[in-house]
Every structure is written in structure tokens, then in C-alpha cells.
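In what follows, a single structure is set out as C-alpha cells and then discussed.
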Amino acid sequence: MKILITGGAGFIGSNFIRYLLASRKDIQLVNFDKFTYAGNAENLADLSKDPRYALVRGDICDAPALKSLFAAGFDVLVHFAAETHVDRSIENVSPFLQTNILGTQCLLESARRAPKLRFIHISTDEVYGSAPAGGTFTEVSALDPQSPYAASKAAAEHFVRAYGNTYGLDFVILRCTNNYGPYQFPEKFIPLILANAGDNKSIPVYGDGMQERDWLFVEDFCSAISLAMDKARPGSLYNVSAGSPQPNLHIVRAILQILGKPDFLIQHVQDRPGHDRRYAIDSSKIRTELGWGPSFTFEEGLRKTIAWYQENREWLDHARSGEYSSYYDRHYTYRSETFRT
Ligand SMILES: NC(=O)c1ccc[n+]([C@@H]2O[C@H](COP(=O)([O-])OP(=O)(O)OC[C@H]3O[C@@H](n4cnc5c(N)ncnc54)[C@H](O)[C@@H]3O)[C@@H](O)[C@H]2O)c1
């Protein structure tokens, strides 16, 4: 099986590449990534000698680059590449329109011409907007995105469906909840808590910290994607969640407790504008139809995550200092050029 991954140098993409290489023998994987600030070549450093894996630096908005890439012929494309940080989308919307909407459409143009390609589109529960108290969204609930990031992801999904309906593209959309685990860039909630607590620095918590999120351990999401590659019906859509929503403040307290750090490190800061109060989705469809379920409780996933950050202090230091950003140029250019010719 030849698999194209976009955005595989980011958090979930790099975990997914690792998951596939560990769980499947007969695959060839190409990771196509622009290496924005969120792309970290150190996430995949130990895989660079695996003959089943190749890395190509490129932008999903670059149609000629995609044309030459698709000439390799792929069976499956898993589309992770995106601008992903809500706070950044509030600061500057343009990169979100460019990559998440136009980039996805550019990728779809190449994908629709590729014979027998399955397009797995990675979306988010944020497309539903904030859930009412006690309620959960199913796959047929209306989309009501509330942040520029969420709006760009909702728009991207519409194009994926439109390409399925109009051109017969075989697609699957997965809407997952917040992921956590190894290799997550430390601007995001859980690694930020771990990094700051480790340095005895204050931990910023938006507003009262009672925003509810349903955290999913990244390895569990990887198993859902892998199942969808093999078993989902063309044109299907699945919510993916662990099913144990809890307030942000509880997460911070749980981490501080495991680390043996004091609660006074918590610092409430002004809430994010338009901050969704509650995300809650019903994932019974993927559990029933594909037989998926999470393998890790939140407690287990959190302990594994904390242990990983503690054992990989150098990765965290490089991510925080910016040193990671030169890693690609120092190690990978030759492999990328080899693939292109
Ligand atoms: N992390 C989460 O909790 C979460 C939750 C729901 C959905 N998602 C979705 O999952 C996907 C992956 O999220 P993540 O957290 O791993 O993201 P990330 O920010 O860690 O990584 C994004 C990757 O995409 C690459 N990229 C960005 N623009 C590109 C472009 N124009 N061309 C090629 N590559 C480009 C970056 O270099 C980076 O490697 C995204 O589509 C995101 O919307 C993430």
C-alpha cells in the first residue's frame, strides 16, 4: 500500500506515521510537509533510515509540486496538513484560509485525478461549535463553527464532500476531539502545562478554566484513522472521541498532582475571545460500524504523555527555543531531492 501523508511532521501526523510503520509491514509512506513553525523534523528523526519512509518538503497550495508528487501513484492519502492553533487564527486569519481551505482544495484537485485513491480528511469537533449543557453532537448535527480556525476546517470539509459528490472521490472524514500525547508543540494546552510546571513557571488558564474538552490520546486516534483507511465506506463521516469530557482546570490540577507541583502555579488569564465553552460529540457510529474504541483511559494516556516529555527534555527544549526549526535543513534536503527526481 502506498500512502501519502500531508502534515506528517506535526503532532498527530508524526504519531500516525510511527503508528503505521510499527503496525504494518508492506507499506510505502511519503510525508509531504511544508515545515511551517509547527512542522518539526525532530519528530521523525529516528525514522529517516527506514526504507519504507520518505520525506518531501512542499506546500499543499503548490499545484505543480503536487502534480509531480501524485505521479508516484498512491492508494491512500491522509490529510493532516493545516494551520491548527485557534489563538493564531484570531491574530491572523489569512494563513488559515490559505492552507486549510485553498490548500485542501488544491490537494483535492490532484486527488480527484488519481485513480482509486482514498482521501482521509482529518477534521475536528470544533466544526460543531459549542455544545449545549448535557448535549452531544452526532455526525448529522449542523455545523456552527465559532473561531476562524473552526470556520476554515468546516469550509475544507464542505469541499471534500463536494469533490466526493461531484467527481466521485472516495473520501472519509474524521472529526476528532482534542488530542494529547508525545510530540505536541508546546504552544498547545497539555505540553504547555508540562513545560511550565517543569520549570516552576506560572500556568496560564483562560477565564475560569471550566471549558470542557473530551481529550483523546493520540495513539487511540491513530488506530481510528488506520481502521478508517481499511474499513470505512466511501463518503462516510465519523466522530472520534474518548467519551470522558472534563474541564480544563481539572486537567491542570491532575497534571500538577502527578508532577508533585503546587496549585498556586495556576494563573487565570483573560479568556480567549469567542471561546467555545464545551465540546461534546457522540462517537457511537465509529464504535458500532468499525469496531473502534479507545485503548487508554485518560489517566493512562496522561501518565504516558508526562513520562514521554520527562524522558525527552531535549526535544522540548529545542521546540521551545526554536532550535528545532533548523533541523530539516541540516539533515533532510538530500532525501527530499532524491525523491523528486
Ligand atoms: N491536535 C488536535 O488536538 C486536533 C484536534 C482535532 C483536529 N485536528 C486536526 O488534525 C490535523 C493535525 O493536527 P496537528 O495538531 O498534528 O497539527 P500541527 O499544527 O502539529 O501540524 C500541522 C502540520 O502541517 C504542516 N503544514 C502546515 N501548512 C502546510 C502546507 N500549506 N503544506 C504542507 N504542510 C503544511 C506543518 O508544517 C505541520 O507539520 C489538523 O488538520 C487539525 O486541524 C487536530
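What follows is calculated from the coordinates using simple rules that are stated; it is not laboratory data. Predicted model, so just to flag it, every value in this text is computed and none were measured. Methodologically, a virtual Cβ is constructed for each residue, glycine included, from the backbone with ideal geometry; neighbour enumeration extends over all protein chains shown.
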For this session: Once you have a ≥ b ≥ c as the square roots of the Cα gyration tensor eigenvalues for the stretch 85-128, tell me rounded if a/c is under 1.5, and otherwise prolate or oblate according to whether a/b is larger than b/c.
Result: oblate
Problem set entry | Residue order, fewest to most surrounding Cβ atoms within 10 angstrom, among HIS318, HIS158 | HIS158, HIS318
Exercise. Got a sec to turn the phi values of the stretch 121-130 into Karplus ³J(HN,Hα) couplings, 6.51 cos²θ - 1.76 cosθ + 1.60 with θ = phi - 60°, whole Hz, x for Gly and Pro?
Worked result: 9, 8, 10, 9, 5, 5, 5, 7, x, 6
Problem set entry | Two-decimal Rg to Rh for the stretch 55-186 - Kirkwood Rh, Cα set | 0.98
For this session: Could you line up LYS25, LYS153 from fewest to most neighbouring Cβ atoms inside 10 Å?
Result: LYS25, LYS153
For this session: Give the order of ARG213, ARG175 when sorted by the count of other beta carbons within 10 angstrom, beginning with the fewest.
Result: ARG213, ARG175
Exercise. What percent antiparallel are the DSSP beta bridges of the chain, to the nearest 5?
Worked result: 5
Exercise. One-quarter of the Cα convex hull surface for the chain, in nm²?
Worked result: 16.1
Exercise. For the stretch 263-321, treating each Cα as an identical point scatterer without solvent, what Debye log10 I(q)/I(0) comes out at q = 0.12, 0.26, 0.30 1/Å?
Worked result: -0.65, -1.01, -1.08
